[in-house]
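Beneath this line is the structure, given in structure tokens, with notes to follow.
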Amino acid sequence: MDRSDRRVLSRLLLLLLAVYLLTMAGRLTSGDGETVYQTTRALVLSRQLAVPPRPETAIGRGGGYYGKYGLGTSLAQAPFLVAGEAAGVLFNAGDDRPARFAVGMTNSAVSVALAGVFWLLCRRLGASRLSATAATLVLGFASLVWPYARADFSEPLQTLCLLTTFYAFLRWRHANGRAAYIVWPALAGAAAGLAFLTKAASVVVLAPLALYFAALLWERRSLGPRRLLPVALAAALPFAACTVFQLTLNVYRFGSLSEFGYGDEPKVGFTTPLHLGVQYLLASTGKGLFFFAPPVVAGLMLLPALGRRYPREAVAAGLVFAAELLYFGRWWAWHGDWAWGARYMYVTVPFALMGLVPLFSQWRSWRLLVRAAASATIVAGVAVSMLGVLIDYGAYFSVVGSQLGRGVDVNEARLVPRFSPILGHAWLARATLYDTLAAWRTGGAPRDPADNPALRRYPWADSHPTLVPEAPERALGFDLWFTALPRRTRFVEFWSILAAAWLALSLLPLALSLRRSVRRATGCASRHVPANRCAPQPQPV
């Protein structure tokens, strides 16, 4: 990267990081995350992998309980856990809340890194700095990335590794120099291996990426086996090392090479009819990717436009999307609950949004109808993402599940439009806003939360009048770390509000700095300026 690229990318990532840190949950948000956190603690503090019994664990060798999730997320959490433990010792904390808070930042950092790789990928696909920045902002704020930056699932790290694999292969295609010729395949292999360590199901997406790499090798077949064999080995060896590590881990925990902790589930779990699974994952009102990440629709429709100049890359992105969709469309738990939207389709989002590169690169040359439709999906994506960020999905699921007598089964929220989490989060956001404004008007005087009239306007009031939620006021509250941290002291409350205020006040300067950086870089590329005022522009791929 030249100086202008570095300036724009650094401002963009700082802006994303500030927003993600400001809106994070500051706690663990799922049972999966609790199990991964316990594994991280056991690994860092006790040098072992056994954890206390939980529903997400499986009995392994010696009667110990082990998490059935990949070790990659625990490795990513390790430095955050160490920092949190150090803070707990420094401030004499009586429990592990500082460590949990620090670990809650993991996916914020991972999501920022994902956005950075996506920006670099867009630049490598011929996008200008402005176009790459616009596409990355769509990824960061109008898709699943923002809500999942505050969650503790493994999909953000898995997606970062898979996108890095794809980007490294693309860089190798245009690599110059002997070192780069080997380094990029090695990076791709290492990233693919880490994706496998993070989630074994990554092999579903790695298959089309391997096919893409094979096509690139075939493209350079004139170099001969003597030149291409080291390249293939550079990519294969890191991945093989990670695979061996994972198999060794399986033997250590469960006594079998092929046992990941899921038992017979992988053999008997593909029970959903494919046509229904595909429909659910894409268009169901409670889980459909097209509802929870609307810009994906525009990205998929514009992939053929990307394919006119980069056919192999567009085909690879399409195959990644199809492979993930067809695989999890048959899975019994296609919904991935409890989670926001189609969790298992998260990994396809940056690949699908590659289709936005030709749109933003030639914005004025597209018809007004296309630009208006794409803009509408982006606005809708931002609105839906904000609902997923402000309201805890677990709080809403507790309303439609436990409070309506259905326990943990929230099937209505997946398939019945009136119970859609999008409508439910909008309802709880309105009720929370009313509650907040009422508290300000009364000066914080005690009041009964059940008196909130917005609570009685739940989305299914007309269609299912007999299903009255019990005590929905328990789900009220904006789920932001500086407002929702439990049992915090006055000292912690003061510094929490101060840090949140600092982050909020930094957003405008960061946005203006990013705007200036993009405009300056664009001006350097579009008009004549003295050589010492402008960094050299990279040649188009």
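Please treat every number below as a calculation from the coordinates, not as lab data. Fair warning: this is a prediction, and the values are worked out from it, not measured in the lab. Counting neighbours? That spans all protein chains shown, and the Cβs are built from the backbone with ideal geometry, glycine included.
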Ranked by how many other beta carbons lie within 10 Å on average, peptides 241-248, 24-31, 141-148 from highest: 141-148, 24-31, 241-248
FRET efficiency for Leu257 and Ala215, using Cβ-Cβ distance with R0 set to 41 Å, rounded to 0.05: 0.85
Ranked by how many other beta carbons lie within 10 Å on average, peptides 388-401, 156-169, 54-67, 504-517 from highest: 156-169, 388-401, 54-67, 504-517
Farthest toward the dipole's positive end in region 42-99, which of Phe80, Phe91, Leu49, given Cβ charges of +1 (Lys, Arg) and -1 (Asp, Glu) about the Cα centre? Leu49
Round to the nearest 0.05 the FRET efficiency obtained for Met1 and Ile59 when R0 = 41 Å and r is the Cβ-Cβ distance. 0.25
Could you tell me which of Pro185, Phe141, Pro266 has its Cα farthest along the dipole of the chain towards the positive end, charges placed at Cβ (Lys, Arg +1; Asp, Glu -1), taken about the Cα centre? Pro185
Distance (nanometres) between label positions extended 7 Å along Cα→Cβ at Ala373 and Leu229: 5.1 nm
In deg cm²/dmol and to the nearest 500, what is the mean residue ellipticity at 222 nm of the chain if only DSSP H runs of at least 4 residues count, each as -39500 (n - 2.57), divided by the residue total? -20500 deg cm²/dmol
Give the average over all directions of the projected area of the C-alpha convex hull of region 392-477, one decimal, in nm². 5.3 nm²
When the convex hull of the C-alpha atoms of the chain is computed, what volume per residue in Å³ does it have? 186 Å³
Relative contact order (percent) for the chain, with alpha-carbon contacts under 8 angstrom and 6 or more residues of separation? 19 percent
Hey, how many Å between the Cα centroid of region 334-407 and the Cα centroid of region 214-232? 39 Å
About its Cα centre, what dipole magnitude does the chain give when the only charges are +1 on Lys and Arg Cβ and -1 on Asp and Glu Cβ, stated in debye to the nearest 20? 2400 debye
Quick one: work out Rg over Rh on the C-alpha atoms of region 75-204, Rh as Kirkwood radius. 1.06
Length gained when the stretch Trp502-His275 is fully extended (0.36 nm per residue, less Cα-Cα span): 76.8 nm
In region 160-182, whose amide N lies under 17 Å from the spot 7 Å out along Cα-to-Cβ of Ala241? List them in ranges. 165, 182
Label Val89 and Thr483 with points 7 Å out from Cα along Cα→Cβ: what is the distance between them in nm? 3.6 nm
Extended-chain gain in nm, criterion 0.36 nm per residue less alpha-carbon gap, Ala322 and Trp495: 57.6 nm
So for the pair Thr436, Glu265, with labels modelled 7 Å out along Cα→Cβ, what separation do we get in nm? 3.6 nm
So which helices of the chain fit the span-like rule, where a helix is a whole DSSP H run, its Cα atoms reach 15 Å or more along the axis, and its mean Kyte-Doolittle is at least 1.6? 203-219, 295-307, 368-390
Dipole magnitude of region 392-477 about its Cα centre (Cβ charges: Lys, Arg +1; Asp, Glu -1), debye to nearest 20: 180 debye
Size descriptor, Kirkwood hydrodynamic radius, that averages inverse alpha-carbon separations across region 42-99, Å: 12.7 Å
